[in-house]
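**Q** Supplied in structure tokens, the structure appears directly below.
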Amino acid sequence: MHGHLVKERKELDLRALENMAVKKTLWQDVLARFLKNKSGIAGFVIVVIMILLILFAPLLTRFDYDAQSFPDRFLYPSSLHPFGTDNFGRDLFTRMLYGGRISFMIAIIATFISAVIGTIFGSAAGYFGGVVDTIISRFLDIMMAIPGLLLAIAISAVLGPGPINTAFALSIGGIAMSARIIRATVMAIKTNEYIEAAKATGSRNFRIIRKHILPNTIAPLIVNSTMSIGGSIMGIAGLSFIGLGVKPPTPEWGSILNVGRDYIRDFWPMTVFPALFIMLTIFGFNLLGDALRDALDPRLKD
Amino acid sequence: MNLLEIKGLTIHYAMRANTVHAVNNVSLVIEPGQTLGLVGETGAGKTTTARGIMRLIQTPPGKIVSGEILFEGVDLLKISSAEMRSIRGKSISMIFQDPMSALNPILTVGEQIAEVIHLHEKCSKREAEERSREMLEMVGIRPERAGEYPHQFSGGMKQRVVIAIALACSPKLLIADEPTTALDVTIQAQVLDMMRELKDKLNTSMLLITHDLGVVAETCDAVAIMYAGEIVEYGSLERLFHNPKHPYTLGLFGSIPSLDKDTDRLNPIRGLMPDPSALPKGCKFRERCDYACDECRKEEQSLREIEPGHTVRCMRVAGGVLNG
Amino acid sequence: MGEMLRVEHLKKYFNNPRGLLHAVDDVSFTINKGDTLGVVGESGCGKTTLGRVVIKLLEPTDGKIFFEGRDITNIGKKENIELRKEMQIIFQDPYSSLNPRLHVIDLIADPLKAFRLMGRKAQKERVLELMDMVGLSRRFAYSYPHELDGGRRQRVGVARALALSPKFIVCDEPVSSLDVSIQAQILNTLQDLQEQHQLTYIFVTHDLSVVKHISTDILVMYVGAMVEKCGAKELFKKPLHPYTKGLLAAIPVPNIDYKREKIVLQGELSSPINPKRECRFVNRCPYATDICRQEIPVYEEVLPNHYVSCHHVREINSL
């Protein structure tokens, strides 16, 4: 065994090892694992298609999203109007594409804000425990006690309507949820000996959180975020419905669906298409989120 | 007649990418009242063998590929699942390593013992409860504690409860999978002592799975050493401990720091056990063996008798190259 | 050789919902440079806590710790971090003590990075050197811990502990979760490293045969208290405390010709929470009398360099 090792030592100097390791940097590993996951790729494709549709909306349709035409009300899908028209005679396909810009962007921004702020609070509470944990947890309890939509309504009412304000209003309600998840995860990770090992090697608290704890909280955070994107899309719809979200005539998936609900018995396209888009988006994000979670965990390599 | 006779048992796990050869052509015999120690390291296939006897291999991915398991002359692999269920817990019972997870936390220990009795013996609930108290007393727990829940017991006491459940229907064969590994030494001594006593009293045969040669020396009548899914050495306790022959067995003895002698350095076996999904051709141990030769690489090794009742799976030993 | 670590009347209590848990209760000892002190006892005896307290990973409740003659009991946070360069620890569980998301090379480099000791390239070179030292093939540098078997993982843990070239290492059950053949390989490596680098060890374990093999002196603990301490060989030849005797008799020996006195200690460990002022072992001791229930026995030097805390040690052993 000894002779064998000596031989290996000569062959493997640092450069040789690094060459070997080129294929093995963390992110390439993640990518390789992700590519093996078929449903993850499906989710990725769905999300990318959605984004492309939204980005290239002006090229994909020759209508304006707010061009009303009274005689063309409630038209069923045809080659001219692939999704039909709505109660004001506007092209539904066009409104779906432009509406996606608002729904998608607000939902992603809101989720991102709540994930970042939630991570900061949650990891502080979970890692330090004691008084820090008590204060943050009680604060989160209070936030959890207020229904998310109600909180968003209150914030929107103060800030006024508009996409950015809506995103902000929706993110506040999500903070408590993601903070709680992170807190629970951090507390579980903290019991692992490698945290104590990091302390024993002389690492300071901030370094331990950054290097050893946060990377291990990514999985639950991603799962929670992909779920909350769907929730946010519905939240925007709710806000818009009571006039606090996006102002008409700006289209938005949730509000199209809401209006369509009034005609659900007589005219299906106005409910089916927005519902289908919302569903597909949420579905795509969930598949993507699950696959990312698996890809980010080196233990699940095979 | 032998109580249990295993002939050529082979168990594979078919994974997505490969097949794990967990147990390969294992043959064992247990006589009535005898204790057989099955010794080996993690991944040697000890637990899979035990689960195979109980027909508790999860299928898929696991599969009993071939072999016979004759229990009182009946091949357990040929009977129906209903018949097998009536044997499990009644004629053959099993103790697992971890007493913490083997008990249901929301039932009292008395209820858990009575449940097994009620299931297998046609008796009333009350009788079963009565018997469960007797069982507790037998394993050294005050019968008044029958109404307590598992969390109220210490680790050693829980393992006694588990043993009481296993022995409740006076099985003919007890399979104990590392029954004392999770316990402290002084508690282990108590439990082993108790198991020996009960075994003699009830005339139960036992298959004791362990990695600890010390426990074997104190408990067993016969020993089988398992490596990479195969029995590599098999014999009576005395023959095997007085005259260990297989290089792996010798390596195991050399790895244990001795209490009765002073040694400066241990003589461990080099390397690691081969991956059970890619076992080498020929002798499975040759890559770690100091005595391996070209023949070992080519030939599949068979168990050969080197003295009456002592077999070794090593051609070098059988060929007289390795002696002492 | 000079003194490396001296501990005087060390205590560590934890608040517990049911009262004060006396994890370590009045422990004193000295370890000389290059020696190994084996600390043995059953689960809950305080041996793991003791290992954490002497290197200041946990703050002691009371008592004094001297490292190379310097009092480190009440040093500040900064000094404590500096202390990591001198005192290190190897953990029991090579599965949970390694961050699953880091490559071996980053795991071993972690202490170097924490202290920003050298450039990135030098760090990596140092890691490879460490891997050679602990007998871990370089080809595993970019493996994840879950790709390694238990023995190799534990070598990663050893290399990480050695990265800062400490003088003193607490080995907390480093081989307990490994198979015997792998265990022997790691024990040999630890012994070689001790010789090459003049390391001083505290070796915490429940396995008496391992501790006999590796230690210079052995300290036996029972429910937080010291029971007996003497040279390793002496302890096995001439155990004086009734608990040590029972403990030695309980070890299964893989030798069917080895005859010895059969003692099976009855009962279980007493609770370390709010212990009474009595001998901790009184409930299981075959020699217990009234005085054992009334007074904590004094820890005294009964024979040269052989310390025992038992009221009846002289009668029992006819000394």
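The values are calculated or read from the model by the stated rules, or taken from the named source; none is laboratory data. The structure displayed is predicted, hence computed values, not measured ones. Note: ideal-geometry Cβ built from the backbone for every residue, glycine included; neighbour counts use all protein chains shown. Remember, those area values only see protein heavy atoms, side chains included, never the ligands or the DNA or RNA. Shrake-Rupley method; radii C 1.70, N 1.55, O 1.52, S 1.80 Å.
**Q** Sort B:273-282, C:44-53 by packing, meaning the average of other beta carbons within 10 Å per residue, with the highest value first. Don't skip to the answer; put the middle values down first.
**A** Details: B:273-282: 16.0, C:44-53: 23.6.
Highest-to-lowest ranking by the protection proxy: C:44-53, B:273-282.
**Q** Given +1 on the Cβ of Lys and Arg, -1 on the Cβ of Asp and Glu, and no further charges, what dipole in debye does segment C:40-83 carry about its Cα centre, rounded to the nearest 20? Walk me through the intermediate numbers first.
**A** On the way: 7 positive and 7 negative charges, 18 e Å.
The dipole magnitude comes to about 80 debye.
**Q** Provide Rg over Rh for segment C:69-140; use the alpha carbon set for both Rg and the Kirkwood Rh (inverse mean inverse pair distance).
**A** Using Cα coordinates only, the ratio equals 1.02.
**Q** Determine the per residue accessible area of chain C with all protein chains present and a 1.4 angstrom probe, expressed in square angstrom. Spell out each step's value before the answer.
**A** Details: 12280 Å² over 319 residues.
Per-residue accessible area for chain C comes out at 39 Å².
**Q** What is the mean number of Cβ atoms from other protein chains located within 10 Å of the Cβ atom of each residue in peptide C:97-110, rounded to a whole number? Provide the component values of the computation, followed by the final result.
**A** On the way: counts 8, 4, 12, 7, 11, 6, 6, 0, 4, 2, 3, 0, 1, 9.
Mean shielding by partner chains, rounded to a whole number: 5.
**Q** So the label point goes 7 Å from the Cα of B:Arg304 along Cα→C-beta, right? Which residues of segment B:194-233 then have their backbone N under 13 Å from it?
**A** The answer is none.
**Q** Would you mind calculating the gained length between B:Glu197 and B:Glu148 on full extension (0.36 nm times residue separation, minus the Cα-Cα distance), in nm to one decimal?
**A** Values: separation 49, 0.36 × 49 = 17.64 nm, distance 2.54 nm.
Gain on extension, B:Glu197 to B:Glu148, equals 15.1 nm.
**Q** At what distance in nm do the modelled label points of A:Met279 and A:Arg73 sit from each other, each positioned 7 Å from its Cα along Cα→Cβ?
**A** The answer from the label model is 2.8 nm.
**Q** Using label points projected 7 Å from each Cα along Cα→Cβ, tell me how many nm separate A:Asn87 and A:Val48, to one decimal.
**A** With each label placed 7 Å out from Cα toward Cβ, I get 3.9 nm.
**Q** No other cysteine beta carbon under 4.7 Å away is the test; run it over chain B and list who passes.
**A** B:Cys123, B:Cys169, B:Cys220, B:Cys289, B:Cys293, B:Cys314
**Q** Along the positive direction of the dipole of segment B:168-324 (beta-carbon charges: Lys, Arg +1; Asp, Glu -1; about the Cα centre), which of B:Pro280, B:Val312, B:Leu252 reaches farthest?
**A** Working it through, the farthest residue towards the positive pole turns out to be B:Pro280.
**Q** What residues of segment C:160-190 lose no less than 20 Å² of accessible area with every protein chain in place versus their chain by itself (probe 1.4 Å, heavy atoms only)?
**A** C:Arg160, C:Asp179, C:Val180, C:Ser181, C:Ile182, C:Ala184, C:Gln185, C:Asn188
**Q** For the pair C:Leu117 and A:Asn205, what calculated FRET efficiency results from E = 1/(1 + (r/R0)^6), where r is the Cβ-Cβ distance and R0 = 25 Å, to the nearest 0.05? Let's see the in-between values first.
**A** Values: r = 20 Å, r/R0 = 0.78.
It comes to 0.80.
**Q** Under 13 Å between alpha carbons, and skipping anything fewer than 8 positions from B:Lys201 in its own chain: which aspartates and glutamates qualify?
**A** Qualifying aspartates and glutamates at Cα under 13 Å: B:Asp193.
**Q** In degrees between 0 and 90, to the nearest 10, how far off the longest principal axis of chain B does helix B:125-138 point, with axes built from Cα atoms?
**A** Value to nearest ten degrees: 50.
**Q** To continue, here is another question. With a Förster radius of 25 Å, plug the Cβ-Cβ distance of B:Ser27 and B:Lys63 into 1/(1 + (r/R0)^6) and report the FRET value to the nearest 0.05.
**A** 0.85
**Q** Would chain A count as rounded, prolate or oblate if I go by the C-alpha gyration tensor, calling it rounded below 1.5 in a/c and otherwise prolate when a/b exceeds b/c, oblate otherwise?
**A** Since a/c reaches 1.5 but b/c is at least a/b, the shape of chain A is classed as oblate.
**Q** Helix C:150-162: angle to the longest alpha-carbon principal axis of chain C, degrees 0 to 90, nearest 10?
**A** 80
**Q** Run the numbers for B:Leu56 and B:Ser80: contour at 0.36 nm per residue of separation, minus the present Cα-Cα distance, in nm.
**A** Length difference between fully extended and current span is 7.3 nm.
**Q** Let me ask something additional. Segment C:92-171 to segment C:220-269: how many Å between their Cα centroids?
**A** 36
**Q** Specify the inter-centroid distance of segment A:221-239 and segment B:34-86, based on alpha-carbon positions, in whole Å.
**A** Spelled out, the Cα-based centre of one part sits 51 Å from the other.
**Q** Which order do peptides A:49-62, A:172-185 fall in by mean Cβ count within 10 Å, highest first?
**A** On the way: A:49-62: 14.0, A:172-185: 23.1.
So the order, starting with the most tightly packed, is A:172-185, A:49-62.
**Q** Of B:Met206, B:Pro179, B:Asn18, whose Cα points farthest to the positive end of the dipole of the protein assembly as shown (charges on the beta-carbon: +1 Lys, Arg; -1 Asp, Glu; origin at the Cα centre)?
**A** B:Asn18
**Q** Summarise the partner chain shielding of B:204-216 as one whole number: the mean count of Cβ atoms from other chains within 10 Å of each residue's Cβ.
**A** 2
**Q** Tell me whether segment C:1-84 comes out rounded, prolate or oblate; compute the Cα gyration tensor, take square roots of the eigenvalues as a ≥ b ≥ c, and use a/c under 1.5 as the rounded threshold.
**A** Numbers: a/c = 2.11, a/b = 1.33, b/c = 1.58.
Taking the square roots of the gyration eigenvalues as a ≥ b ≥ c, segment C:1-84 is oblate.
**Q** Checking the a/c ratio against 1.5 first, then a/b against b/c, what shape does the Cα gyration tensor give for segment A:37-88?
**A** Prolate, since a/c reaches 1.5 and a/b exceeds b/c.
**Q** When you look at the Cβ of every residue in C:256-268, what mean number of other chain Cβ atoms sits within 10 Å? Before the final figure, lay out the partial values.
**A** On the way: counts 9, 5, 6, 1, 2, 0, 2, 2, 6, 5, 3, 4, 8.
The mean count of partner-chain Cβ atoms within 10 Å per residue comes to 4.
**Q** Could I ask something else about it? Between B:Asp294 and B:Asn243, take the C-beta separation as r, use R0 = 25 Å, and let me know the FRET efficiency to the nearest 0.05.
**A** 0.40
**Q** Output the relative contact order of chain C, whole-number percent, from Cα pairs under 8 angstrom with separation of 6+ residues. If you can, show how the numbers build up before the last one.
**A** Working: 586 pairs, mean separation 66.2, N = 319.
Normalised by residue count, the contact order of chain C is 21 percent.
**Q** Report, to the nearest whole %, how much of the accessible area of chain C belongs to carbon and sulfur atoms, 1.4 Å probe, protein only.
**A** Carbon and sulfur atoms account for 47 percent of the accessible area of chain C.
**Q** Give the peptides C:263-269, C:146-152, A:247-253 in descending order of average Cβ contacts within 10 Å, highest first.
**A** Packing proxy ranking, top to bottom: A:247-253, C:146-152, C:263-269.
**Q** For segment C:213-262, which GluC sites (Glu not before Pro) are in a loop by DSSP, counting at most 13 other Cβ atoms within 10 Å?
**A** Taking segment C:213-262 and a limit of 13 other Cβ atoms within 10 Å, the loop GluC sites (Glu not before Pro) found are C:Glu261.
**Q** By how many degrees, between 0 and 90 and to the nearest 10, does the Cα long axis of helix A:130-145 differ from the longest principal axis of chain A?
**A** Rounded to the nearest ten degrees, it is 20.
**Q** Run the simple label-point estimate for C:Arg18 and A:Ala32 please: 7 Å along Cα→C-beta, distance reported in nm.
**A** The two pseudo-label positions are separated by 5.1 nm.
**Q** Another one. Expressed as a whole number of Å, what is the distance separating the alpha-carbon centroids of segment A:39-114 and segment A:167-206?
**A** For segment A:167-206 versus segment A:39-114, the Cα centre distance is 38 Å.
**Q** Only four residue types carry charge here, +1 at the Cβ of Lys and Arg and -1 at the Cβ of Asp and Glu. Report the dipole size of segment A:41-300 about the Cα centre in Debye, rounded to the nearest 20. Each step should come with its number before you reach the end.
**A** On the way: 19 positive and 15 negative charges, 148 e Å.
Here segment A:41-300 has a charge dipole of around 720 debye.
**Q** Please build a GNM for chain B, connecting alpha carbons under 10 Å apart, and tell me which residue among B:Ser236, B:Ser258, B:Ser93 fluctuates the most.
**A** In the Gaussian network model the winner is B:Ser258.
**Q** Residue farthest toward the positive end of the dipole of segment A:41-300, with Cβ of Lys/Arg at +1 and Asp/Glu at -1: which of A:Phe70, A:Ser171, A:Ala157?
**A** Highest projection toward the positive end goes to A:Ser171.
**Q** How large is the charge dipole for the protein assembly as shown, taken about the Cα centre, if only the Cβ atoms of Lys, Arg (+1) and Asp, Glu (-1) carry charge, to the nearest 20 debye? Could the numbers behind the result be given before it?
**A** On the way: 109 positive and 102 negative charges, 476 e Å.
Magnitude of the dipole: close to 2280 debye.
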